[in-house]
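One structure is given here, and the rest of the page talks about it.
The values are calculated or read from the model by the stated rules, or taken from the named source; none is laboratory data. Owing to the predicted nature of the structure, the values given are computational and were not obtained by experimental measurement. Every residue, glycine among them, receives a Cβ derived from its backbone with ideal geometry; neighbour counts consider all protein chains shown. These area figures cover heavy atoms from the full protein model, side chains too; ligands, DNA and RNA do not enter into them. Shrake-Rupley method; radii C 1.70, N 1.55, O 1.52, S 1.80 Å.
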Amino acid sequence: MVFGVDVVQHPETDSLLEEANGQFDFFRADVSDSASVQHMAEYVGAKTEALDILVNCAGIIQPESEYLLEDFDIDGSMKLFNVNALGPLRVTKACIGLLRKGQDKLLVNISSEAGSMTSHADYINRYDYCMSKAALNIQSVILQRYLKPEGIRVLLFNPGWMHTPMGGPEAPVDPAVSARGIADLAESLRTRPDSYMYWNYNGMERPW
Ligand SMILES: NC(=O)c1ccc[n+]([C@@H]2O[C@H](COP(=O)([O-])OP(=O)(O)OC[C@H]3O[C@@H](n4cnc5c(N)ncnc54)[C@H](OP(=O)(O)O)[C@@H]3O)[C@@H](O)[C@H]2O)c1
């Protein structure tokens, strides 16, 4: 069984549910809201005793992220930080009991090259987005240190510049290709607890 979490109702997810024939379950939750995430975890816990893999993928970017320092609205960044950095930690905290009982014991956090200190993009803006992904990266390092003795593997992936609603139509990477690359890499790294943890979807190590 695969569980998905999203904020709003999409016609596509409704048709996915029909096609999945009971193999996919969908729960609408807001990762920036602790009560909503807790409700989601209770829903999942009522359906299964264990989670093999947890993937934190939800993320946002705001048009205001593009502004340079002088025009950047710092207080307007709170929502983005809440979703991108605290959201994954909320979901992980709520689901860790189920993950501990799973077979694969794999936690995947979807980061970005924007979280890398040596990013090739050379941003001079996007303070909030880059900071939120850097926070997700250090969060994942801390979680890996904490969970390693229990055999839980934590992995971080940069999915590439994908043509999704966030990436826009001119982005070069097909999200399905990115997802396939991440799934294959995660499968091969899962049982190698001492391997590097921050990767590009195409199998290249992502520098911190
Ligand atoms: N696209 C890129 O080029 C790119 C590059 C590097 C990293 N990333 C990262 O890859 C991940 C996926 O990005 P994407 O391109 O697929 O973005 P996207 O097309 O905008 O999709 C983002 C997803 O996150 C969900 N979401 C947003 N806020 C949420 C919340 N508060 N609670 C629960 N779900 C929420 C959205 O749900 P709704 O649609 O219901 O709002 C949507 O399903 C993100 O973490 C992003 O930062 C993307």
* Asked: Is there a residue in the stretch 118-141 that is more than 9 Å from the ligand (Cβ to nearest atom), under 18 Å from Asn200 (Cα atoms) and touching a Pro at 6+ places or on another chain (Cβ under 6 Å)?
  -> yes
* To do: Kindly provide the set of residues from the stretch 40-66 that are within 25 Å of Ser140 (Cβ to Cβ) and in a loop (DSSP other than H, G, I, E, B), ordered by number.
  => Thr48, Ala50, Leu51, Asp52, Cys57, Ala58, Gly59, Ile60, Ile61, Gln62
* Asked: Which of (1) under 17 Å from the mean Cα position of the chain (by Cα); (2) open to solvent by 30 Å² or more (accessible area, probe 1.4 Å); (3) among the hydroxyl-bearing types (Ser, Thr, Tyr); (4) closer than 23 Å to Leu51 by Cα does Tyr198 not meet, given it meets every other one?
  -> (2)
* To do: For the stretch 19-26, state whether one or more residues are more than 27 Å from Arg190 (Cα to Cα), of a type in the set (S, T, N, Q), surrounded by fewer than 15 Cβ atoms within 10 Å (Cβ to Cβ) and at pLDDT 95 or above.
  => no
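Do we have any residue at all in the stretch 31-38 that's of a type in the set (Gly, Ala, Ser), within 26 Å of Ala186 (Cα to Cα) and either free of Cβ contacts under 8 Å to residues at least 40 places away in the same chain or near the ligand (Cβ under 10 Å from one of its atoms) (or both)?
For the stretch 31-38, residues of a type in the set (Gly, Ala, Ser), within 26 Å of Ala186 (Cα to Cα) and either free of Cβ contacts under 8 Å to residues at least 40 places away in the same chain or near the ligand (Cβ under 10 Å from one of its atoms) (or both): present.
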* Asked: What are the residues in the stretch 54-88 that are more than 10 Å from the chain's Cα centre (by Cα), within 16 Å of the ligand (Cβ to nearest atom), in contact (Cβ under 8 Å) with a residue 24 or more places away in the chain and over 11 Å from Asp128 (Cβ atoms), if any?
  -> Leu86
